[in-house]
Structures are given as structure tokens and as C-alpha cells.
Amino acid sequence: MLHVVHAALSRSAALDPYRLRHYLLVAAATVIALGLVLNSTITATLAAAAESDKKAPASQLFIAAPDLEAPSAASAVAALSAGDESAPAAAGQSSAREAFTVDVRPPLVYPVGAGAPVGSSFGPRAKGCAACTTDHRGVDWNPGYGTPVVSIADGIVSGIGNSGAAYGVHLTIDHVVNGQAVTSLYAHSQPGSIPVSVGDRVRVGDQVGLVGSTGVVTAPHLHFEIQIGGTAINPVPWMAANGAQ
């Protein structure tokens, strides 16, 4: 377009100076108009591009970091093939935890179980044998010969007797049950069946003997007493009142 304007200007200059000025004004106006048009076009294009960037943000690519702690399946298979006993752990499997046991026990239990048959109750009774007493200071339970005998509560072994006594092989344990100091006695156990010594601490439910027939007896049984302040009381209602299991 400039070469056209230039040619027109050359011819006009040869003909008429007034016409030349007219053409110069027209050419300047044309150049200015073209500049404005180009500037508007560029501005609109840039604005459209910016708006497009706001509406459609560029997508982002996230690449997960490799798991450095978990070996590949191929390495696990190779370890297994090689007979490596640590292969399960190497394959990302957690190793077996050490076994543990939570030992929760009731505070008070029956020495030979709550359902053992009663052979002789507490208190006065008929004379069962020449050496037997008629003032029975405990209860006789007949669960069967060799039945384990357990401590009724946590305590300390305070005495152990031999088979030559009327009680036969027996032991006593001192306890504190519901704030009350008591002593339990277990008589007529089998010889050699008491696994504890005087001064040993025992827990409720720990075995302290086996039902036997030592001492003055007519049949195998456990003679059991509860003593408070040195006086024997009826153990059956006392055990029930203190929640024995």
C-alpha cells in the first residue's frame, strides 16, 4: 500500500502542490487508522488468551515417589527361591509379634470350684470316727481325689503342716479381702503336693495343693477354713458375701 501512496504522491507533486498536501493528509490518516486497528486486534487477542488461561488452568502431572521400604515382588520371589527365611519380612509382610497374655483374675475364688459337693458343713456334727471332732470349724468339700486346690485370694503363705497332724498335709495363707485381714486353711492334701513355702506370695487361683486323705479323715476331701482374728467362721456364707467365683 505504501508503494501505491508513494506513486500517487510523486504524480501529485508534479501536478499540484495543494493536491500533494491533500494526499499527504490522507496517507497519514490511513497509517494512523491502520495502527489503531492493529493495536485493538493485538489487545483483544491478548485479553482472550488471558481469559482462556483463567478458565482452563493447565493440567499438572504428579508422579508418585517410589516406595523405598517395600521391595519389589521379584525380589521377594527371588528370596523365597533362595530359601531365605526372612523373605516374608523382605516382601513387606510384618513380622509376627511376640505373644502375650493379659492375666485378669477375680479377687476371690472357691478353692476347688463353686460346684464341689459338700461332705460336712460348718458347726456341730455327729462323730464320724474315733478321732473325729464334733465341733467342725470349717467345711469339707468332696471334689475327688487329686483335684487341684487353689488359693482363694492374693496372699502370703503363713504356715505349712505335715501329714502327722490332724489336718494332715495342710497350709495357711494370710490375705486382705475387701479391707479385712483373714487367714485361709487348706487341709488333708496329698503328700508332696504343696508347691510353695512359708513366706511365698501367691495370687488368687494359684495352685497350692491336691485333694488327698492325709490326717484324720474317713475319705479324700478338702477341709477348708476361714479364720478372722484367730477365730474360725462359717466359710460358705462369708465366701458368698464377698463375691467368690
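The values are calculated or read from the model by the stated rules, or taken from the named source; none is laboratory data. Quantities reported herein were computed from a predicted structural model and do not represent experimental measurements. Cβ coordinates were reconstructed from backbone atoms using ideal geometry, including for glycine residues, and neighbour counts include every protein chain displayed.
For the reader, a short list of remarks on this structure follows.
- Within region 142-156, being surrounded by 13 or more Cβ atoms within 10 Å (Cβ to Cβ) and not aliphatic (A, V, I, L, M) holds for N142, P143, Y145, T147, P148, S151, D154, G155.
- Residue that is surrounded by the fewest Cβ atoms within 10 Å (Cβ to Cβ), among those in region 193-206 that are at negative phi and out of contact with any Ser or Thr (no Cβ under 8 Å at 6 or more places or on another chain): S197
- Of the residues making up region 139-159, those that are under 22 Å from V198 (Cα atoms), outside any strand (DSSP E or B) and either outside the structural domain of D174 (by TED's automatic domain parsing) or not hydroxyl-bearing (S, T, Y) (or both) are I152, A153, D154.
- Residues of region 169-186 that are surrounded by fewer than 20 Cβ atoms within 10 Å (Cβ to Cβ) and touching a residue at least 60 places away in the same chain (Cβ under 8 Å): N178 alone.
- Assessment of region 175-188 against the conditions (on the phi > 0 side of the Ramachandran plot, in contact with a Gly (Cβ under 6 Å, 6 or more places away or on another chain) and either not aromatic (F, W, Y) or not assigned by TED's automatic domain parsing to the domain that holds A232 (or both)) yields at least one matching residue.
- Any hit, region 123-134, residues being assigned by TED's automatic domain parsing to the domain that holds V208, of a type in the set (A, V, I, L, M, F, W, C) and modelled with pLDDT of 95 or more: no
- Filtering region 201-213 to residues that are within 15 Å of G161 (Cα to Cα) and not in a strand (DSSP E or B) leaves only S213.
- The residue of region 102-115 that is farthest from T231 (Cα to Cα), among those that are in contact with a Pro (Cβ under 9 Å, 6 or more places away or on another chain) and free of Cβ contacts under 8 Å to residues at least 60 places away in the same chain, is G115.
- If you go through region 157-168 and keep only what is surrounded by fewer than 15 Cβ atoms within 10 Å (Cβ to Cβ) and either of a type in the set (G, A, S) or at pLDDT 95 or above (or both), you end up with G159, G164, A165.
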